[in-house]
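Chemist: Supplied in structure tokens, the structure appears directly below.
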Amino acid sequence: MRLGPELRGMGRYLALGFQMVAVTGVGAAIGWWLDQKTGRAPVFLIVFFLLGSVGGIAAVWRSLDEPRHGPKQ
């Protein structure tokens with residue numbers, strides 16, 4: 001089955017979306033775990049959620065900027 005030009009890059013963008021959600025989720029999970037261990041809820045959850053969000057956005061930004069500048073060495 002041949003894909004049309006509008007569907008060819010779909011896998012890359014689906015992977016980027018998944019990566020962004022996964023990094024944010026891992027950050028939130030680490031924060032929740034630290035909150036449970038220290039009893040300081042929701043301080044670590046908020047901090048690590050924000051750090052995970054920034055990390056996810058940075059990874060997507062870097063991946064989308066790669067075709068213009070080439071892979072980092």
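Chemist: Could you put Thr24, Thr38 in order, starting from the residue whose Cβ has the fewest other Cβ atoms within 10 Å?
Modeler: Fewest-to-most Cβ neighbours within 10 Å comes out as Thr38, Thr24.
Chemist: Quick one: order Met10, Met20 by neighbouring beta-carbon count within 10 Å, fewest to most.
Modeler: Met10, Met20
Chemist: Measuring from label point to label point, each 7 Å out along Cα→Cβ, what is the Trp33 to Glu66 span in nm?
Modeler: 2.7
Readers should treat all values here as calculations from the given coordinates under stated rules, not as data from a laboratory. Note that the structure is a prediction, hence the values are computed from the model and not measured. Cβ sites come from the backbone with ideal geometry, for glycine too, and all protein chains shown count toward neighbours.
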